[in-house]
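Report on the structure given below.
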Amino acid sequence: MAAPLFQPNPESFAAASLQSANRNLLRFTTAGSVDDGKSTLIGRLLYDSQAVYEDQLASVKKSRINRSTGPIDFSLLTDGLRAEREQGITIDVAYRYFSTPRRKFIIADTPGHEQYTRNMATGASTADAAIVLIDATKGLLQQSRRHAFIASLLGIRHVVAAVNKMDLVAYSQETFERIAADFEELAEKLQLSSIYAIPISALEGDNVVRRSSRTSWFDGPSLLQHLEELPNDPCHNEDTVRFPVQYVIRPDAAFRGFAGTIASGVLRAGDPVVALPSGIKSRVKSIVTYDGNVGEATAGASVTVTLGDEVDISRGDMLVSESHSPHVSRKLQSKLVWMHADPLDANKLYLLKHTTRTVRARVTRIRHRVDVNTFAHDSAQSLQMNDIASVEIETTLPLFFDPYRKVRATGSLILIDPISNATVAAGMIERAFEGSLVARSHLEISNRVSASERFRRFGHAPAAITTGDKNLAAQLERRLFDEGWHTVLFDAGHLSDHELHTVANAIYQAGIVAVFLSAPAQVLAATFADHVFVARDLSVLDQLHRWREGSINPRESKQ
C-alpha cells in the first residue's frame, strides 16, 4: 500500500502555527503617477510570492484585455472594477492580502489620478509604509510629488521610491541615480526620514521578489526583502495609554466592564488610570479577552477593562494614563482632506467623529489651502473635493486627543454631514488652540446647565427672528436646521403680549434661535434685547451668520 502524500505532525503543525502568529503585519500602500505600473507591481508581488489562486490566475489568462507583452497582464489581478480594466487605470482603492514565511502584508493599491486624491488618502490612512512608483522614462512627475506629500501628511514612516520600467531604459544606472537624487531632495523638503530607492521592472520581475542580475550595480535588497525587514514598532510611548470606550458590558450586577480597542500604549492590570471627561481616578482591576484574563494588552488589542472603583463611564469616554494626559479642548487646528462633492460650508454644523466620540463641530477658519503640486499655501474661502487645507475647528464638547504624528488613532477625525450622513472630510489634528481644560468633577454634573454650557454646545447664543410670512418662516426654520442651528418655529399669532413674553423667556433660557410667526419685535426685545431680527426675506440669514461670528458667551447672570 502506498504511503500517504501527507502525514500530519502535531508538533510541527503547532510550531508552524506559532511561527505564523508571531509574524507581524505590515500595511503598505502603492501610489504614483498614472501608468507608472502600480497595479502591475502588486500583481507581480502576488504572483511571484505564490499568493494568487489558480482560478483567479486562469481568469486573468483568459481575459480579452491584456496590455502587457507577455501571457499575463499582472495589473488585472488588482484592477477589479470593469471601468478600471477597460481604461487601464486604478479608480477605487483595492486591498490585497498576502504573506511570506517572514511576514504578513496588507496592500492598498490607490489611484494615481489627481481627481482621486481622496481615495489615495483613504488607502494611506492606515499604512505603515508607502511605495511611490516613478516611471524611469519620465522621471519624477507632479503626481508622484503629490503622493509623496500625502504620505508625509499622513505620517507614514517608511517610503520606498520604486523606479519602475527600468527595462525601457536598458537598466541604466545613471538614470536611476538621477531620479533617486531628485526624490531624496523632495523627501528632505517633506521631512521624510526613512527613504529607500530601488530600481525595478514590475513587468519583468527585476528586483521585485528577488534581486536581478540585470542591475548588478545595485547592491540593495529586493523590494519584498526590504518590506519584510522594515521595523514596525509603534510610534508612541507605551506609557501613553489611550483607551476609548466603545461599549459598556454589564451582564449582571456583579460585572461592569468597558469594551474597546486600545489606541495607544500598554495597559496593565493594576495601572492607575483617569477617566475622561469626569477626571475620576481609578486602577485597572482586570483585562478580559475572549480567551480569558490577561496581565497586559498593547495597542490594537480589543479588550474589556474592569476598574477597581464604581465609575460612571459610557461610550465616547476615554481611559488614559495618569502621567501622560492627552489634550482636552474644544478648539483645535487640523489638516483636512475634503472628500465630498459638496463644498465646505463654514456656516454649517457638521458631526465630528473622533475615536468613539461624536460631537457637533464647525470649521471656523481656513488657515490656508495646500497646493499639492507646489506645496505652496494659498488663501481659500471654501474647500472643494480633493482639496487639502489647514483649518481651525471648534466643537460643542471637548475632545481628548493627541497630535496625529504622535498617536494616529487619537489624532485623526472625520466630518459627517448630519443630514445625508455622508463622510465629507478626514482630518489629522495638529494642535490644540487653548490650554487643556480641567474636566468637571462628577459632583458638578448634577448642577443646573448654564448659559455658557448651552453656548458651547449649540455654537450660538439665543436669538429671535420674527416675520409675518408663513412660508418664509418655514423656509428659515429649514435652512437654520440644515445648517446645524438649535432652532424652532413658533406661531405666536394667538398669544397675548404677556403669554408671548413667557414663551420667549423659556426659549431664551433654552438657548434656542427661534423663528416667530406674527410676533411683535418690541415684545421679543424685552427678552432677547438686541438679538431680535425682523425677516422680510432669506437675506436675514446673512445677518445671523455675521451675528454668530461676533456673538459672545452669555453671562451667567442672564441665566
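Just so you know, all these numbers are worked out from the coordinates, no wet-lab data involved. Note that the structure is a prediction, hence the values are computed from the model and not measured. Here Cβ is always computed from backbone atoms with ideal geometry, including for glycine, and neighbour counts include all displayed protein chains.
The table below gives the values:
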read-out	value
Under 16 Å from the M385 label point (7 Å along Cα→beta-carbon), backbone N, region 117-151	117-122
Cα centroid separation - region 501-539 against region 354-423, whole Å	34
Flagged links, alpha-carbon separation over 24 Å, of K189/K348; K189/K406; K138/K189; K104/K353	K189/K348; K104/K353
Of the trypsin sites (Lys or Arg not before Pro) in region 453-548, those whose Cβ has at most 16 other Cβ within 10 Å and which sit in DSSP loop	R536
Cα→Cβ-extended label distance, 7 Å offset, between E228 and V488, nm	6.8
Residues with amide H under 5 Å from that of K285, placed H, sequence gap 5 or more	G270, T306, L307, G308
Check: region 460-558 dipole with +1 on Lys, Arg Cβ and -1 on Asp, Glu Cβ, in debye	120
Local net charge near I106, Cβ-Cβ under 12 Å (Lys/Arg +1, Asp/Glu -1)	+2
For A197, distant residues with modelled amide H under 5 Å away	A161
Neighbour-count ranking [beta-carbon atoms within 10 angstrom, fewest first] of E188, E430	E188, E430
Sequence-distant residues sharing a close amide H with V241 (under 5 Å, placed H)	S321
Rounded FRET efficiency, nearest 0.05, which uses the C-beta distance separating H501 from Q142 and R0 of 41 Å	0.05
Label-to-label distance, nm, for residues given as A422 and N24 (7 Å Cα→Cβ offset)	4.0
Inter-label distance, nm, simple model (7 Å from Cα along the C-beta direction), A341/K104	3.8
Stretch gain in nm, segment L397-E238, where the contour uses 0.36 nm per residue and the Cα spacing is subtracted	54.5 nm
Per-peptide average of other Cβ atoms within 10 Å, ordering 351-364, 370-383, 269-282 highest first	351-364, 269-282, 370-383
Amide N of region 282-317 lying under 20 Å from the label point, which is placed 7 angstrom from the Cα of A254 along Cα→Cβ	285-294, 304-311
Sequence of D219, D36 once ranked by neighbouring C-beta atoms within 10 Å, starting from the fewest	D219, D36
Paramagnetic reach from F433 in region 380-418 [backbone N under 14 Å; point 7 Å along Cα→Cβ]	390-399
FRET efficiency for S452 and A376, using Cβ-Cβ distance with R0 set to 51 Å, rounded to 0.05	0.80
